[in-house]
Amino acid sequence: MALQTRPKEITVDRNAGLLRMTWADDHASEYPLRWLRANCPCATCREERRAAVMNTDPLRLHTGPAPSTTIAGAELVGNYAVRLRWSDGHDTGIFAFGALRACCPCPRCNPSGPPPLLDE
Ligand SMILES: [Zn+2]
Ligand SMILES: [Zn+2]
């Protein structure tokens with residue numbers, strides 16, 4: 001695996017609302033939890049975002065509580081991804097390291113802000 005997509009350290013800073021990743025090439029990325037939740041790559045969230053974009057069912061956007069942006073836990077999936085568990089029980093989002101690194105929000109990687117997380 002390339003150094004850029006191999007994490008050396010993953011920490012969740014609940015107070016700052018950030019997921020911090022230090023990569024094997026010593027680059028550090030800080031992902032706002034709110035952004036991660038908004039870009040959750042699981043099938044359910046992808047479908048919800050698609051429906052929102054297509055505006056097929058606007059009422060749906062107003063049902064239910066807002067998704068949690070508080071993290072309950074994180075676990076490694078093999079050696080290629082991290083699974084985030086949110087405090088509302090949502091835990092199907094698996095964030096691949098390659099996609100995360102491509103979306104590093106630092107100005108060096110993405111001067112005009114992080115692109116949407118790529119679907120694997
Ligand atoms: Zn999801
Ligand atoms: Zn960066």
Of all residues in the stretch 79-102 being in a loop (DSSP other than H, G, I, E, B) and under 18 Å from Lys8 (Cβ atoms), which is farthest from ligand 1 (Cβ to nearest atom)?
Asn79
Enumeration of residues in the stretch 7-23 that are surrounded by 15 or more Cβ atoms within 10 Å (Cβ to Cβ) and not in a strand (DSSP E or B):
Gly17
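Go through the stretch 85-106 and report how many residues are in contact (Cβ under 8 Å) with a residue 24 or more places away in the chain, in contact with an Asp or Glu (Cβ under 7 Å, 6 or more places away or on another chain) and closer than 18 Å to Cys45 by Cβ.
To start, the set of residues in the stretch 85-106 that are in contact (Cβ under 8 Å) with a residue 24 or more places away in the chain comprises 86, 90, 92-101, 103-106.
After this cut, where a residue has to be in contact with an Asp or Glu (Cβ under 7 Å, 6 or more places away or on another chain) as well, the list is 96, 99, 105.
Subset that is closer than 18 Å to Cys45 by Cβ: 96, 99.
Adding up the residues that qualify gives 2.
How about the stretch 14-52: which of its residues are among the charged types (D, E, K, R), within 13 Å of ligand 1 (Cβ to nearest atom) and under 12 Å from the mean Cα position of the chain (by Cα)? If you could, list the steps in order and put the result at the bottom.
Step one: list which residues in the stretch 14-52 are among the charged types (D, E, K, R), which gives 14, 20, 25-26, 30, 34, 37, 46-50.
In the following step, the residues that additionally are within 13 Å of ligand 1 (Cβ to nearest atom) were identified as 37, 46-50.
Across the stretch 14-52, the qualifying residue is only Arg37.
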Scan of the stretch 106-120 for residues that are modelled with pLDDT of 95 or more and either in contact with a strand residue (DSSP E or B) (Cβ under 8 Å, 6 or more places away or on another chain) or within 16 Å of ligand 1 (Cβ to nearest atom) (or both), ordered by number
Cys106, Cys109
Can you list residue pairs whose Cβ atoms sit under 6 Å apart, with the first residue in the stretch 10-37 being farther than 17 Å from Pro114 by Cβ and in contact (Cβ under 8 Å) with a residue 24 or more places away in the chain and the second being more than 14 Å from ligand 2 (Cβ to nearest atom) and of a type outside the set (S, T, N, Q)? Count only pairs 6 or more apart in sequence or on different chains.
Val12/Ile71; Val12/Ala74
For the stretch 1-58, enumerate the residues that are at pLDDT 95 or above, within 16 Å of ligand 2 (Cβ to nearest atom) and of a type in the set (A, V, I, L, M).
Ile10, Leu18, Leu19, Met21, Ala24, Ala28, Leu36
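The values are calculated or read from the model by the stated rules, or taken from the named source; none is laboratory data. Being a predicted model, the structure only gives us computed values, none of them experimental. For neighbour counting, all protein chains shown are included, and Cβ atoms are generated from backbone atoms with ideal geometry for every residue, glycine included.
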